[in-house]
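Enquirer: Below you'll find the structure I mean.
Each reported figure results from applying straightforward, stated rules to the coordinates on display, with no laboratory input. All values derive from a computational prediction rather than experimental measurement. For neighbour counting, all protein chains shown are included, and Cβ atoms are generated from backbone atoms with ideal geometry for every residue, glycine included.
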Amino acid sequence: MSKASRITKRFDALKKEGRGGLVTFITAGDPDAETSLEILKGLPGAGADLIEIGMPFSDPMADGPAIQLSSQRALKAGASLKKTLAMAKYFRAEDNETPLVLMGYYNPIYIYGVERFVADALDAGIDGLIIVDLPPEEETELCLPANAAGLDFVYLTAPTTDDARLPRVLENARGFVYYVSITGITGTKSAGIEEIEEAVTRLRKHTDLPIGVGFGITTPAQAGDVARVADAAVVGSALVNTVRDHLDDHGNAKSGLVDAVLGLVGDLAAGVRASEKAKAAS
């Protein structure tokens with residue numbers, strides 16, 4: 001029997017605490033390598049329970065303007081998949097507990113080489129992968145090799161993923177299930193908590209994996225509501241927008257950028273933790 005991953009251990013710990021978690025997303029190398037690493041290192045202390053690291057890509061078709069622009073900024077600053085893995089390795093040298101999940105698209109991984117990528121991701125301390133353009137029908141490309149090597153392959157589900165489709169999507173899912181609470185691109189709108197609660201209830205009939213809910217969460221109150229009905233709230237666009245809002249006219253980081261991002265994470269974490277009593281009582 002394989003040992004539990006950091007992702008599984010973290011969700012088990014959250015369950016014992018009686019609360020949902022906060023999953024934060026940043027794009028590697030945005031707005032530059034040094035600032036991005038500083039943000040990454042500060043996330044656990046600010047209250048992030050799990051961290052998604054976006055792999056910059058030139059054509060992030062499923063992402064809204066905020067994350068698209070963050071990828072463009074990172075690539076302009078020289079970001080690459082190799083540098084993203086190095087960033088994770090720097091983080092892991094100081095933090096051996098916080099789960100790290102790489103999120104992005106298959107093309108850069110295909111070019112890098114799947115076998116090499118899986119080996120280097122494990123070496124860098126990566127715990128899971130979310131590859132938004134690889135459906136279950138293409139699981140032999142990366143999902144199965146990743147799972148076999150010990151990288152949890154996290155699948156996305158959406159309001160349009162019906163009960164007939166879910167068993168196929170979840171068959172080889174590992175770590176947790178990422179429920180995309182709206183149809184469309186990221187960061188453009190949000191779903192009502194009643195809809196999310198119904199969706200989570202439906203998902204739980206198909207899987208024992210923890211369920212993280214994202215897309216459109218921007219406030220501590222929203223994060224708390226989601227963490228109360230799901231296993232985690234996932235926040236991305238609000239954080240990369242905070243990066244954007246603290247750049248000068250040349251796209252360089254202004255003083256206070258890191259503190260602003262980590263401050264928002266702290267506020268979101270407080271919102272999630274405020275839901276602890278309600279979740280424990282439910």
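Enquirer: Work out how much length residue 76 to residue 195 would gain on full extension: take 0.36 nm times their residue separation and subtract the Cα-Cα distance, in nm to one decimal.
Expert: Going from the current span to full extension adds 39.0 nm.
Enquirer: Tell me which residues come under 5 Å, amide H to amide H, from residue 152 once H is placed; ignore anything under 5 positions away on its chain.
Expert: Amide H neighbours of residue 152, under 5 Å, 5+ apart: 128, 129.
Enquirer: Let me ask something additional. Check which residues have an amide H placed less than 5 Å from residue 179's amide H, if you skip close sequence neighbours.
Expert: When sequence neighbours closer than 5 places are left aside, the close amide H contacts are 157, 212, 213, 214.
Enquirer: I've got another one for you. What full-extension length gain, to one decimal in nm, is calculated for residue 94 and residue 15 as 0.36 nm per residue of separation minus the Cα-Cα distance?
Expert: Length difference between fully extended and current span is 25.9 nm.
Enquirer: Looking at segment 6-281 only, what percent of DSSP beta bridges run antiparallel? Nearest 5 please.
Expert: Of those bridges, close to 5 percent are antiparallel.
Enquirer: In segment 1-81, what trypsin sites (Lys or Arg not before Pro) fall in a loop by DSSP, with at most 14 other Cβ atoms inside 10 Å?
Expert: Listed in order of number, the matching sites are 3.
Enquirer: Out of the GluC sites (Glu not before Pro) in segment 61-115, which ones are loop residues according to DSSP with at most 13 other C-beta atoms within 10 Å?
Expert: 97
Enquirer: Once the cut-off is 26 Å, how many percent of the Cα-Cα pairs in the chain end up in the long-distance tail?
Expert: 37
Enquirer: What helices does the chain hold that run 18 Å or longer along their axis, going by alpha-carbon atoms, with a Kyte-Doolittle average of 1.0 or more, using DSSP H for the helix calls?
Expert: 257-274
Enquirer: While we're here: List the equivalent ellipsoid semi-axes of segment 88-246 in whole Å, largest first, each obtained as the square root of 5λ for an eigenvalue λ of the Cα gyration tensor.
Expert: Result for segment 88-246: semi-axes of 25, 21, 14 Å.
Enquirer: From the helices alone, meaning DSSP H stretches of at least four residues, give me the mean residue ellipticity at 222 nm for the chain, per-run term -39500 (n - 2.57), in deg cm²/dmol to the nearest 500.
Expert: -14500 deg cm²/dmol
Enquirer: Taking H as built 1.01 Å from N, whose amide H comes closer than 5 Å to the amide H of residue 54, not counting residues under 5 places away?
Expert: Amide H to amide H, under 5 Å and 5 or more residues apart or across chains, residue 54 pairs with 26, 27, 28, 103.
Enquirer: Quote the relative contact order of segment 6-281 in percent (integer), defining contacts as alpha-carbon pairs under 8 Å separated by 6+ residues.
Expert: Dividing the mean separation by the residue count of segment 6-281 yields 25 percent.
Enquirer: Obtain the radius of gyration and the Kirkwood radius of segment 1-115 from its C-alpha atoms and give Rg over Rh.
Expert: Result: Rg/Rh = 0.99.
Enquirer: Related question: Apply 1/(1 + (r/R0)^6) to the Cβ-Cβ distance of residue 208 and residue 114, taking R0 = 35 Å, and write down the FRET efficiency to the nearest 0.05.
Expert: 0.80
Enquirer: So, one more: Any chance you could list the semi-axes, whole Å, largest first, of the equivalent ellipsoid that the Cα gyration tensor gives for segment 28-72, using √(5λ)?
Expert: Over the Cα atoms of segment 28-72, the semi-axes work out to 21, 13, 7 Å.
Enquirer: Counting only C-alpha contacts under 8 Å and six or more residues apart, can you give the relative contact order of segment 165-269 as a whole percent?
Expert: 24
Enquirer: Still on this structure, I have one more. Tell me the GluC sites (Glu not before Pro) within segment 130-174 that lie in a loop according to DSSP and have at most 13 other beta-carbon atoms within 10 Å.
Expert: For GluC sites (Glu not before Pro) across segment 130-174 that sit outside H, G, I, E and B with at most 13 neighbouring Cβ atoms in 10 Å, the list reads 171.
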